[in-house]
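Visitor: There's a structure below that I have some questions on.
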Amino acid sequence: MSTIYNEADPYAGSRETTEGRVYTVTGGDWDLTFADPHGEERLVVNMGPQHPSTHGVLRLILDLEGETVTKARVTIGYLHTGIEKNTEYRNWTQGTTFVTRMDYLAPLYNEAAYCMAVEKLLGIEIPQRAATIRVLVMEINRIASHLVGLATGGMELGALTAMTNGFREREMCLDLLEEITGLRMNHAYIRPGGLAQDLPEGAVEHIREFLAVMPKRVADYHRMLTGQPIWQRRLKDVGYLDVTGCLALGVTGPVLRSAGLPWDLRKTEPYLGYETYDFEVPTADTADAWGRYLVRMAEINESLKLIAQALDRLEPGPVMVEDRKIAWPAQLSLGADGMGNSLDHVRHIMGQSMEALIHHFKLVTEGFRVPAGQVYVPIESPRGELGYHVVSDGSTRPWRVHVRDPSFVNLQATAAMSEGGMIADVIAAIASIDPVMGGVDR
């Protein structure tokens, strides 16, 4: 076996073996960072990559003078999944199953933005009932996402009851989403042309029960945290970033709104009929972690209002476009074992004409064709502007899917929020950004 090393790349030396070239990736960046050519006294802390206190597999390299952070660097890529590239090897409908796993705390937003981009390329309008149900499930998902942000942020700052209560209420949201979509997370429920299935029997009543309970639970959070002096001192004047800084870095979502700018795509560039709903865009003027907490809590109440309005305007109708050249089979009934289609459904398909059977087979295996072109569709996810740039070459699968994930963009603010502050406040600043590394490392 040959052991000839190639030292041209300090991060990935290689050697030739009988099985081909083998690369060895090293931690050279740490050695370079730790080098101290000026002889000044400083401490370099390698925080991460680990999960519990950084909202995912995130690495922070902090230069310290005492307990003051003089320099903060963010290292990402530890959770890379190649989802964007994978979509190029599946048909347009199968892409939904990939993108829902990016920001895994807001999966329905990835599905919605991706499908809206495909629908824009197709030039189709989805049925009104499908649009209303999309709003319904997305706002339930927004509440669940904000509750995780509150729960994990509370845990990181020592407020363990905030963590247990936050996950308790999140379970209520996930129970509803499981009842509607069949899964707690990564639903693949929103599909090009509409939805996988209609609301099941009893779902509307259960959502109304949720609406009756949640306002009191939100009030409990305010009693437990908002008026708590320790919670206030832990968040106020921490992670400061004003409007100018947000705009310079492309930061959106609650971080931008906490600096006083009421920028919410549901209002400024409405979609799915959001312009017909009555809701407010909460803002704060503190531009710190405290303001971001208040904005997210207020957004939970606004989402409850949107859910109630969506329920009131639900009208009978289809949840998938009528065009059979596009409409992926919806309302599939499961078999007795919970796997696959029921025999009755299979008999229905097989009992149609031979042409219909062939079309069904080709639609499911090959997929439909999307006209050549490119679009960019942004929506307001719980973390800010989530945009999908989708390119079609006219085939049955995407030529390119590129995502503007808000967690990825917002993480740029880490250094601006942390440098000059205490090392203990770095975690509070990261928690106030509420990044999800699945979206960052897609």
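The values are calculated or read from the model by the stated rules, or taken from the named source; none is laboratory data. For clarity, every value in this text was computed on a predicted model and none was experimentally measured. Positions of Cβ are generated from backbone atoms using ideal geometry, with glycine treated the same way; all protein chains shown enter the neighbour counts. Surface areas here come from the heavy atoms of the whole protein model, side chains and all, with no ligands, DNA or RNA. Shrake-Rupley method; radii C 1.70, N 1.55, O 1.52, S 1.80 Å.
Visitor: Once you put a point 7 Å from the Cα of ASP323 and another 7 Å from the Cα of GLU280, both along the Cβ direction, what distance in nm separates them?
Guide: My value for the distance between the label points is 4.2 nm.
Visitor: Please give the FRET efficiency for ARG208 paired with HIS389, using the beta carbon to beta carbon distance and R0 = 45 Å, rounded to the nearest 0.05.
Guide: So, using R0 = 45 Å, E works out to roughly 0.75.
Visitor: I want to verify a result. In a Gaussian network model of the chain, Cα cutoff 10 Å, which of these has the top mean-square fluctuation: THR96, THR276, THR70?
Guide: THR276
Visitor: What's the angle, to the nearest 10 degrees (0 to 90), between helix 160-181's Cα axis and the longest principal axis of the chain?
Guide: 20 degrees
Visitor: Another one. Does anything in the stretch 275-299 have its amide N under 20 Å from the 7 Å Cα→Cβ label point of ASP237, and if so which residues?
Guide: Answer for the stretch 275-299: 284-294.
Visitor: Rounded, prolate or oblate, given the Cα gyration tensor of the stretch 246-302, with a/c below 1.5 counting as rounded?
Guide: Judged from the Cα gyration tensor, the stretch 246-302 comes out oblate (a/c at least 1.5, b/c at or above a/b).
Visitor: While we're here: Considering only DSSP states other than H, G, I, E and B, which chymotrypsin sites (Phe, Trp or Tyr not before Pro) in the stretch 62-95 qualify as loop sites with at most 16 other Cβ atoms within 10 Å?
Guide: Here the sparse-neighbourhood loop sites are TYR78.
Visitor: Taking the simple approach of a point 7 Å from Cα along Cα-to-Cβ for both VAL22 and THR268, what is their distance in nm?
Guide: About 5.2 nm separates the two model spin labels.
Visitor: Determine the gain in length on full extension of the stretch THR226-GLU366; use 0.36 nm per residue of separation and subtract their C-alpha separation, reporting nm with one decimal.
Guide: Gain on extension, THR226 to GLU366, equals 45.0 nm.
Visitor: To continue, here is another question. Picking from LEU199, ASN141, LEU265, whose Cα lies most toward the positive end of the charge dipole for the chain (charges on Cβ: Lys, Arg +1; Asp, Glu -1)?
Guide: Positive-end residue among those listed: LEU199.
Visitor: Okay, moving on. Under the definition of Cα pairs under 8 Å and six or more residues apart, what whole-number percent is the relative contact order of the chain?
Guide: Relative contact order here is 23 percent.
Visitor: Where is the GNM fluctuation largest for the chain (alpha-carbon springs, 10 angstrom cutoff): ASN86, ASN301, ASN110?
Guide: Taking springs between Cα atoms under 10 Å, the residue moving most is ASN86.
Visitor: Here's another thing I want to ask about it. Step through the residues of the stretch 97-109 one at a time and calculate ³J(HN,Hα) from phi using the Karplus curve (6.51 cos²θ - 1.76 cosθ + 1.60, θ = phi - 60°), rounding each to whole Hz and writing x for Gly and Pro.
Guide: So the Karplus estimates, Gly and Pro as x, are 5, 7, 5, 5, 9, 6, 7, 6, 8, 9, x, 5, 6 Hz.
Visitor: Would you please classify the overall shape of the stretch 177-251 from the alpha carbon gyration tensor, given that a ≥ b ≥ c denote the square roots of the eigenvalues, rounded means a/c under 1.5, and beyond that prolate means a/b larger than b/c while oblate covers the rest?
Guide: Oblate, since a/c reaches 1.5 and b/c is not below a/b.
Visitor: Also: So if we plug the beta-carbon distance of THR68 and MET354 into 1/(1 + (r/R0)^6) with R0 = 60 Å, what FRET efficiency do we get, rounded to 0.05?
Guide: Plugging the Cβ-Cβ distance into 1/(1 + (r/R0)^6) gives 0.20.
Visitor: Among rounded, prolate and oblate, which fits the chain when a ≥ b ≥ c are the square roots of the eigenvalues of its C-alpha gyration tensor, a/c under 1.5 means rounded, and a/b larger than b/c means prolate?
Guide: oblate
Visitor: Nearest 10 degrees is fine. How inclined is helix 203-221 to the longest principal axis of the chain, computing both from alpha carbons?
Guide: 20 degrees
Visitor: Placing unit charges on C-beta atoms (Lys and Arg positive, Asp and Glu negative, everything else neutral), compute the dipole magnitude of the chain about its Cα centre in debye, rounded to 20.
Guide: 600 debye
Visitor: Sticking with this one: Pop a pseudo-label 7 angstrom from the Cα along the beta-carbon direction at both GLU201 and ASN301 and give the gap in nm to one decimal.
Guide: 3.8 nm
Visitor: Please find the FRET efficiency linking ILE124 to THR161, where r is the Cβ-Cβ separation and R0 is fixed at 35 Å, and quote it to the nearest 0.05.
Guide: After rounding, the FRET efficiency stands at 0.15.
Visitor: Does anyone have the angle between helix 424-433 and the longest principal axis of the chain? Alpha-carbon axes, 0 to 90°, nearest 10?
Guide: 20 degrees
Visitor: In the full protein assembly as shown, how much of LYS325 is accessible to a 1.4 Å probe, in Å² to the nearest 10?
Guide: About 150 Å², ignoring ligands and nucleic acids.
Visitor: Mind checking which lysines have their C-alpha under 24 Å from LYS236, skipping anything on the same chain fewer than 8 residues away?
Guide: Correct list for LYS236: LYS71.
Visitor: How large is ³J(HN,Hα), in whole Hz, for each residue of the stretch 148-153 in order, when computed from phi with the Karplus curve 6.51 cos²θ - 1.76 cosθ + 1.60 and θ = phi - 60°, using x for Gly and Pro?
Guide: Rounded to whole hertz, the list is 5, x, 5, 5, 5, x.
Visitor: 222 nm [θ] for the chain, helices only, -39500 (n - 2.57) per DSSP H run of 4+, per residue, to 500?
Guide: That calculation yields -13000 deg cm²/dmol at 222 nm.
Visitor: Would you mind telling me which residue in ALA212, ALA159, ALA289 has the biggest mean-square fluctuation in a Gaussian network model of the chain, where springs connect alpha carbons within a distance under 10 angstrom?
Guide: Of ALA212, ALA159, ALA289, the most mobile in the Gaussian network model is ALA212.
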